[in-house]
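The structure under discussion appears below in the form of structure tokens.
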Amino acid sequence: RLFSFLSSDNQGVEAYFHGQFLVVESGGGKGKKASLHFTYAFKPRRWYFVGLEHTNKHGLLGKGDSELRLYVDGSLHESRAFDFPRISKPLAFCCIGTNPPPTIAGLQRRRRQCPLFAEMGPIYIFREPIGPDRMSRLALRGGDILPTFGNGAGFPWKATNDHIKNMAEESFALNHEIGGSLHLLYHPSLLSGRFCPDASPSGSAGLRIKIQLL
């Protein structure tokens, strides 16, 4: 399971692996549900950069085209029509890389639930789509770099050679571009027990949240 963001009555969205394939399910008010099965076959026992991006383009009559895009290792592999039901209640539980507790069974009720046991790299959650170019650059940067924001972030002028300088400058530029739309950022290098600080610009003042780790 990649993530579950659910209200007390299962309004919300989940993304999980069913065999080698990624499934996204969403539930809204009045029992509305939507499910999307991507066709990209993931191989076991290897690391991937996985990106999910939802776009909604409004038409002349107000009705828009809603799409969900799957990026794998920085490349766009699938773009499918997917309407998210409107969520009318606040979220009661959020988990990343693990399962909801038994009291919140989730939308994935009849399938075998399999957590990732927090074997994950950085988690970026954006307020808006960032597009294929920035998604590719995030993947190329890898999971070891901890993004920094604000004046002097990155320190590219401290590089010891041109290659490292170019990488630092690219990382600095990317952080500047995504900082305004970044909602939450969790990085495994910041884990302290069962807590992880939010490393996004809005969380850099020391906001800490509890995440579910099994």
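The values are calculated or read from the model by the stated rules, or taken from the named source; none is laboratory data. Here the structure is a predicted model, which is why all the values come from computation and not from measurement. A quick note on method: Cβ atoms are made from the backbone with ideal geometry, for glycine too, and the neighbour counts reach across all protein chains shown.
It is to be established whether one or more residues within the range 48-55 are modelled with pLDDT of 90 or more, outside any loop (DSSP other than H, G, I, E, B) and charged (D, E, K, R). Yes, because at least one residue in the range 48-55 is modelled with pLDDT of 90 or more, outside any loop (DSSP other than H, G, I, E, B) and charged (D, E, K, R).
Quick grid of which residues meet (1) surrounded by fewer than 16 Cβ atoms within 10 Å (Cβ to Cβ); (2) under 23 Å from Tyr186 (Cβ atoms); (3) modelled with pLDDT under 75:
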| residue | (1), (2), (3) |
| --- | --- |
| Gly29 | yes, no, yes |
| Ala34 | no, no, no |
| Phe38 | no, no, no |
| Lys43 | yes, no, no |
| Arg69 | no, yes, no |
| Gly97 | no, yes, no |
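Which of the residues belonging to the range 122-144 are part of a loop (DSSP other than H, G, I, E, B) and surrounded by fewer than 17 Cβ atoms within 10 Å (Cβ to Cβ)?
Arg127, Glu128, Pro129, Gly142, Gly143, Asp144
Number of residues in the range 4-33 that are at negative phi, under 19 Å from the mean Cα position of the chain (by Cα) and not in a loop (DSSP other than H, G, I, E, B): the value is 16.
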